[in-house]
There are 2 protein chains.
Amino acid sequence: MKRAPGGLAPIVAVGRRAGTPLHRQLYAGYRDAILDGRLEAGQRLPSTRALAGELGISRMPVVLAFEQLLAEGYIESRVGSGSFVSPGLAAPPPARSPGGTRRLPPPPLPIASSEPWLAGSGPFRIIQPAVDARLARTWATLLARRARLSSMRQMMYGDPMGLPSLREALADYLRTARSVRCTPDQLMIVSGSQQALALSARTLLAPGDAAWMEEPGFSGARDALALAGARVISVPVDADGLDVGAGISRAPSVRAAYVTPSHQYPLGTIMTAQRRLQLLEWARRAGAWILEDDYDSEYRYDNQPIASLQGLDPDRRVIYIGTFSKVLFPALRVGYLVIPHDLVPRFRRVREALDNSPAPLYQAVLADFLRDGHFARHLRRMRAVYAERRAVLVRALAAAGLRVSGDRAGMHVVLELPRGTRDRELATRAAQHGLWVAPLSACYTGRSRSGLLLGYGSARVQDIPDAVRRLVTLL
Amino acid sequence: MKRAPGGLAPIVAVGRRAGTPLHRQLYAGYRDAILDGRLEAGQRLPSTRALAGELGISRMPVVLAFEQLLAEGYIESRVGSGSFVSPGLAAPPPARSPGGTRRLPPPPLPIASSEPWLAGSGPFRIIQPAVDARLARTWATLLARRARLSSMRQMMYGDPMGLPSLREALADYLRTARSVRCTPDQLMIVSGSQQALALSARTLLAPGDAAWMEEPGFSGARDALALAGARVISVPVDADGLDVGAGISRAPSVRAAYVTPSHQYPLGTIMTAQRRLQLLEWARRAGAWILEDDYDSEYRYDNQPIASLQGLDPDRRVIYIGTFSKVLFPALRVGYLVIPHDLVPRFRRVREALDNSPAPLYQAVLADFLRDGHFARHLRRMRAVYAERRAVLVRALAAAGLRVSGDRAGMHVVLELPRGTRDRELATRAAQHGLWVAPLSACYTGRSRSGLLLGYGSARVQDIPDAVRRLVTLL
């Protein structure tokens, strides 16, 4: 460690410290001395030759450091006289005296401490799909092929609406399998249903607008609406789906309604045809938008997947939102919106301000996965896997005298508990016993029902009976 | 093509059309007939056996179709009597008569028709980096390795803050090369600087809050502020960077200021040390936040990259935003924020409502790229490439008597034109002549200067002289 001589202030510590070149050390030392006021405005600096000599280092790092100080305006150079500290930088050096207030508005969303049951592990984590070795292998093969094809052109900015080949393959799938009316130009690829919700809310709602939200419901949707500045009106869900009549009596004229008609989250109910028509008729009268979140209805066990609400709507007032996080795997980060044709420019404009075009690589791999028939095979295989897990789970619970609901589709069931049961405490205790269950009451904002949400997507058949035994003991 | 018998309304067209199974055709036909009112509430449907016989098809598709109609609530089953159309679905069938208003609030951002010069091609596209064969090859190799390593665990949800290994490698880089003070837990990985800007604006500003914006400036930042509901105050930029004094006289007490101190976009100026301190001192008094957008300052030609503003700030009021879109390639979709420690929970909460965790694959590849030294080599190589392109461009323009500014860093220069020159028209004509140039006036919201922004990131040395000749002809 060497030091610049005292007579030539400042005392700048330099040495062959790991990772920091000498010229950066000198630069930082002088900069700090100027900002601290140890070197005063107009004060003359030693010549680079003299300083290098004093420090016993070569002249080059000194020259580099001084050039940098000059470029950033800390010192000035006068021809024939040398370098001087620039005026107006210190006395008092404000940036070096910490303090000062930082004004924060109220947080746009309440910041809660993390819920203890989220620290769980083990079976029954909700909305966690099975990712098996076969999917991992197929995906890795397609990915490696695309990686090798990775061309310079593909490394540039892409289409903000998403990769055209993926949108075509996806439009085919949605028309055939989900009864969604769409063409590829209505499809926008995003990074998951959460982004789709945030984007839709911000595009269709002005701050202060009211929106219906399912109660109980998906907190991510509630957050997306709240983040857009919406006044969120909770509307109860019953066995037929969203209670449209209750919504009308609470707030008839809102700007939008959020629904999960194909498989209500979390209750698992399916919105009846009558309710669907009632919802569309209300929306028509109110001039409202409908956000249809179809997050996992590909997996349905007693019938074909339920047809989308969007396909029933002739008025182009439904925004259909889907995701591959549940049906393939979460790390894919690909979701999509089906947007009424005339609103595409508006959505696109907001999308580009929120985020740029999505990364094209995974989109290209996903397009391959759809086109080559892997997706259809994966769905068939997973439907069988989940059907078995579901059957084993429901049977094991029934053997313990427990009945579940919401088990006709998706990847979770609802185990209702007697009113007043403290399901949050139960879920927290379950987490301590190697079970990852979510309390039903956490999906409510008002008066809640008690229960546990049990996901079977990632629970292996052989683990389920023992996990149920442990759960029953806790109950 | 066969038709269901008239006596058994409705007339449902079924046939072996490509792609649609018989049961889906039957389902859709009956559903539409119910919604249209052709089948009335309570009307009895034929038995599945009878209908199959009439249509001359096997019974299975009919059973499947009826089960689906039952599941969705279009028909009801009465034990011993058969199936009936559910009550309350038709008369009048609202969903089948198009119309009704759809209430839209004013768009959150003005929707402009696409600027004609954006349809250009050829040299001088701004903010377009060089992606050469060597980068493409290295990237493909690392990507293929990670793709093979793709494990089931990596296919699940990731850390919403970003992959820990990437955050560690990035924090090392930012501390060493950009003088950013940070630890990995302050770093949040996002999908690019646009998402970082939108997230920061939404997290730190309440709707109606005012914010300083550079004039001229980056329209994406302006959009992000506007989308958060901010009142955007334009503050002029001069040769020393943002004119802090002008900002104070226009609106002294705003919530935040957006700046590009290391390389102003679009003018290319570097904010002087004096202005930096003045900005920090103002922010301290005003209790304001500073959004530092450091989008391309890795490329600097006469000195080391300029030290970040964040590193000068002891008050934790700077949000530092960076991206790999310019320094590596745009399709990567990886950007980042350095967030003051105490604000991490707030940012994280908003991030999760806007979007979920970022796709881990590219993060893992990027972490490899940084750790294995590829990034440092790439920067050195590209700095030489760009320095040559810049020199050739500046020389060719000088030979035609044209002087540029803002050429000390980054990947573009500014060619100022006499006041009153219609630079938008010029850019549009250039696009018709195979040149992609951007008009300077488009970066202003008020009184503007005329000029052209010439990007040399993706312009090959051998193409530059001829492109300049064509440009000079247009001028």
Check: the range A:393-438 dipole with +1 on Lys, Arg Cβ and -1 on Asp, Glu Cβ, in debye = 60
query = Rounded to the nearest whole Å², what accessible area per residue is found for the range B:208-329 with the 1.4 Å probe?
reply = 23
task = Over all alpha-carbon pairs in the range A:396-435, figure out the percentage whose distance exceeds 11 Å.
result = 72
inquiry  = Quick check for me: using +1 on Lys/Arg Cβ and -1 on Asp/Glu Cβ, what's the dipole size of the protein assembly as shown about its Cα centre, in debye to the nearest 20?
reply    = 1320
key: Spin-label proximity, B:Arg103 to the range A:216-254 - amide N less than 15 Å from point 7 Å beyond Cα toward beta carbon   = A:230-233, A:248-254
remark   = If labels are modelled 7 Å from Cα along the Cβ direction, A:Gly401 lies from its partners in the other copies at nm distances, smallest first, of 10.0
inquiry  = Give me, ordered by chain and number, the residues 5 or more places off A:Met156 or on other chains with an amide H under 5 Å from its own placed amide H.
reply    = B:Ala331
ask   = How big is the range B:429-469 on each of its three principal axes, counting only the C-alpha atoms and giving the largest first in Å?
value = 38, 21, 14
inquiry  = Can you give me the angle between helix B:164-178 and the longest principal axis of chain B, using Cα atoms only, in degrees from 0 to 90, rounded to the nearest 10?
reply    = 20
query = Taking all protein chains as present, what is the carbon and sulfur share of the accessible area of the protein assembly as shown, in % to the nearest whole number, probe 1.4 Å?
reply = 52
query = In terms of the Cα gyration tensor, with a ≥ b ≥ c the square roots of its eigenvalues, is the range B:239-355 rounded because a/c is under 1.5, prolate because a/b exceeds b/c, or oblate?
reply = oblate
ask   = Considering only protein heavy atoms, what is the solvent-accessible area of A:Ser450 at a probe of 1.4 Å, reported in Å² to the nearest 10?
value = 10
Inter-label distance for A:Val344 and B:Ala376, nm, one decimal - labels placed 7 Å from Cα along Cα-to-Cβ = 4.8
ask   = Based on DSSP H runs of at least 4 residues, each adding -39500 (n - 2.57), what is the mean residue ellipticity at 222 nm of the protein assembly as shown after dividing by all its residues, to the nearest 500 deg cm²/dmol?
value = -12000 deg cm²/dmol
remark   = Over all viewing directions the Cα convex hull of the protein assembly as shown casts an average projected area in nm² of 42.6
message = Let's see if you can work this out: charge +1 on each Lys and Arg Cβ, -1 on each Asp and Glu Cβ, no other charges. What is the dipole magnitude of the range A:173-329 about its Cα centre, in debye to the nearest 20?
response = 380
ask   = If we sort A:79-85, A:350-356 on the protection proxy, mean other Cβ atoms within 10 Å, highest first, what's the order?
value = A:350-356, A:79-85
Accessible area buried between chains B and A, both sides summed, probe 1.4 Å, in Å² to nearest 100 = 10300
query = How would you classify chain A from its alpha-carbon gyration tensor, with a ≥ b ≥ c the square roots of the eigenvalues: rounded for a/c under 1.5, else prolate if a/b is greater than b/c, otherwise oblate?
reply = prolate
query = Of A:Val79, A:Ala359, A:Gly162, which is farthest along the charge dipole of chain A in the positive direction, counting Lys and Arg as +1 and Asp and Glu as -1 at C-beta?
reply = A:Val79
query = How long are the three semi-axes of the equivalent ellipsoid for the range B:288-327, computed from the Cα gyration tensor as the root of 5 times each eigenvalue, in whole Å, largest first?
reply = 21, 13, 6
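Is the range B:146-293 rounded, prolate or oblate when judged by the Cα gyration tensor, a ≥ b ≥ c being the square roots of its eigenvalues, rounded requiring a/c under 1.5 and prolate requiring a/b larger than b/c?
prolate
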ask   = Using the Karplus equation 6.51 cos²θ - 1.76 cosθ + 1.60 (θ = phi - 60°), what ³J(HN,Hα) coupling, rounded to whole Hz, does each residue of the range A:41-49 give in order, writing x for Gly and Pro?
value = 3, x, 5, 8, 8, x, 5, 4, 5
ask   = Whose amide H sits under 5 Å from the amide H of B:Ile75, counting only residues 5 or more places off or on another chain, with H placed in the peptide plane?
value = B:Leu70, B:Ser86
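Going through the range A:418-459, which chymotrypsin sites (Phe, Trp or Tyr not before Pro) have at most 12 other Cβ atoms within 10 Å and a DSSP loop state?
none
The values are calculated or read from the model by the stated rules, or taken from the named source; none is laboratory data. Source: prediction; values computed, not measured. Methodologically, a virtual Cβ is constructed for each residue, glycine included, from the backbone with ideal geometry; neighbour enumeration extends over all protein chains shown. Note: areas computed on protein heavy atoms with side chains; ligands, DNA, RNA excluded. Shrake-Rupley method; radii C 1.70, N 1.55, O 1.52, S 1.80 Å.
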